[in-house]
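The values are calculated or read from the model by the stated rules, or taken from the named source; none is laboratory data. In this text, all values refer to a predicted model and were calculated from it rather than measured experimentally. Neighbour counts run over all protein chains shown; Cβ positions are idealised from the backbone, glycine included. For accessibility, only protein heavy atoms count, side chains too; no ligands or nucleic acids. Shrake-Rupley method; radii C 1.70, N 1.55, O 1.52, S 1.80 Å.
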Amino acid sequence: MLTRILKGTLPVLAMLAMLVTARAADEPQKGSPLITQEKLQGELKDATIRLLDARLKAEYEKGHIPGAVWVDTKALQALARPESITNETAWASALAPLGLGADIRVVFIYDNARQHDAARVWWSLVYAGVPRVGLVDGGFDRWTKDKRPVSTEPAKVSLAQFRPQLHDKSLASRDEVGKAESNVLDARSAEEYSGERKSRTNPTAPTGHIPGARNLDSYSLVDTDGQFLDTDSIRRRFAEAGFVTDKSVIAYSAGGNRSAIAIFALERIGVPSRHYVGGFGDWIREAKRTVVQGKNPRD
């Protein structure tokens, strides 16, 4: 009798397992890991960890953390353009050189720019559906200050076919940002937000912020070495900036890098978010889009 029950139950259990797996594949990861440099040093020989160096290639060639693979941050950033952000073929091609095969358990990224580039790569890989991606707490400069091992030998990895599962629900469109009533985060500096600082690349471009957005400079969430504040301090920074942390946040910056830092910090305190990845640069491309100058959301 028991045997017959178990036999009848197994197909049901298998079906439920398939549904859970499908649901997990359709959703972005939760709880991205943040690894200390000390712990990373102890795990450098772990072949199931893929370490990515998000600095300039010339810097990588001068010396990098042993085993790190150089990642072309500009190529990944270009994929966030409207014509390619939902193009799975383009994402698969860009990720192939990173060797993200089935044997890779977790991916960690570092830079030397206070997480500016590493966080953007992190967000790109999470958006593309890489199962487990995190950041190295602190940058390469901190690594060398602590006299940890450095290598000039390029990492050898084989091209690996990775099938992207793009999480387009984690994106916020220009129209959605414009209609949002609250909890829109401008992760740029206070001077950019207020309109006091002009664009270095386009001095005649409009300055200020998207109406209703609140400002929290993403660099206030990390120290000068790119190490994240503790979670209590992160919560306090968001509360002081006027954010309601029991509601989802839409984050933007100039073009997606600094807002990725903020999104990682939000994830660390359990706050869901969406990314207006085109940022302020995308917003001002449409002449009809208004901007606000001053220190308040709707000055």
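Counting Lys +1, Arg +1, Asp -1, Glu -1, what net charge surrounds residue 73 among other residues with beta carbon under 13 Å of its beta carbon?
Numbers: positive: 55, 57, 74, 120; negative: 53, 59, 72, 111, 117.
Result for the neighbourhood of residue 73: -1.
Quick one: length gained pulling residue 169 to residue 87 fully straight, 0.36 nm per residue minus the C-alpha distance?
Separation in residues times 0.36 nm, less the Cα-Cα distance, equals 28.0 nm.
For the range 46-125, what is one quarter of the convex hull surface built on the Cα atoms, given in nm²?
If you wrap the Cα atoms of the range 46-125 in a convex hull and average its projections, you get 5.4 nm².
Express the C-alpha Rg of the range 151-209 as a ratio against the empirical globular expectation 2.2 N^0.38 Å, rounded to two decimals.
With N residues counted in the range 151-209, Rg over 2.2 N^0.38 Å equals 1.89.
Can you spot the aspartates and glutamates whose alpha carbon is less than 20 Å from residue 179's alpha carbon? Ignore those fewer than 8 places along the same chain.
Partners within reach: 168, 246, 282, 286, 299.
May I ask you to list the lysines whose Cα is less than 22 Å away from that of residue 45, ignoring any residue fewer than eight positions away on the same chain?
Output for residue 45: 62, 145, 147, 156.
Compute the accessible area per residue over the chain, keeping the other protein chains in place, probe 1.4 Å, unit Å².
53 Å²
Using only Cα atoms and rounding to the nearest 10 degrees, what angle (0 to 90) does helix 257-268 make with the longest principal axis of the chain?
60 degrees
Which length gain, in nm to one decimal place, applies between residue 38 and residue 295 when the Cα-Cα distance is subtracted from 0.36 nm times their residue separation?
The residue 38-residue 295 span can extend by a further 88.5 nm.
Once the Cβ-Cβ distance between residue 103 and residue 191 is put in as r, and R0 is 45 Å, what FRET efficiency do you end up with, to the nearest 0.05?
0.45
Under the rule of -39500 (n - 2.57) per DSSP H run of 4 or more residues, summed and divided by the residues of the chain, what mean residue ellipticity at 222 nm is obtained, to the nearest 500 deg cm²/dmol?
For the chain, the value works out to -10000 deg cm²/dmol.
Counting pairs of Cα atoms in the range 127-254, how many percent are more than 16 Å apart? Show your work: numbers first, answer last.
Values: 6103 of 8128 pairs.
Here the tail beyond 16 Å accounts for 75 percent of pairs.
How large is the Rg to Rh ratio of the chain when both quantities use alpha carbon positions and Rh follows Kirkwood? Working shown, then result.
On the way: Rg = 20.8 Å, Rh = 20.4 Å.
Using Cα coordinates only, the ratio equals 1.02.
Can you give the Kirkwood hydrodynamic radius of the range 212-299 from its Cα pairs, in Å with one decimal?
Hydrodynamic radius (Kirkwood, Cα only) of the range 212-299 equals 13.7 Å.
What is the range 87-127 by shape, rounded, prolate or oblate, if you read a ≥ b ≥ c off the alpha carbon gyration tensor as root eigenvalues and call it rounded for a/c under 1.5, prolate for a/b larger than b/c, and oblate otherwise?
Taking the square roots of the gyration eigenvalues as a ≥ b ≥ c, the range 87-127 is oblate.
Please compute the modelled spin-label separation between residue 150 and residue 205, points set 7 Å along Cα→Cβ, answer in nm with one decimal.
3.3 nm
Looking at the range 165-234, which trypsin sites (Lys or Arg not before Pro) are DSSP coil and have at most 14 other C-beta atoms within 10 Å of their C-beta? Walk me through the numbers on the way to the answer.
On the way: sites: 169, 174, 179, 188, 197, 198, 200, 214; in loops: 188, 197, 198, 200.
Passing both the DSSP loop test and the Cβ count: 197, 198, 200.
Place a label point 7 angstrom from the Cα of residue 45 along the Cα-to-Cβ direction, then list the residues of the range 127-151 whose backbone nitrogen is under 20 Å away.
Under 20 Å, as judged by backbone N against the label point of residue 45, lie 148-151 of the range 127-151.
Which of the pairs 74/247; 74/288; 169/295; 169/247; 247/288; 198/295 have their Cα atoms more than 21 Å apart in this structure?
As for pairs spanning more than 21 Å Cα to Cα, those are 74/247; 74/288; 169/295; 247/288.
Let me check I have the definition right: for the range 122-164, take the eigenvalues of the Cα gyration tensor, multiply each by 5, take square roots. What are those semi-axes in whole Å, largest first?
27, 17, 6
Amide H of residue 99: which non-local residues (sequence gap of 5 or more, or other chain) have their own amide H closer than 5 Å, using H built in the peptide plane?
Placed amide hydrogens put 160 under 5 Å from residue 99.
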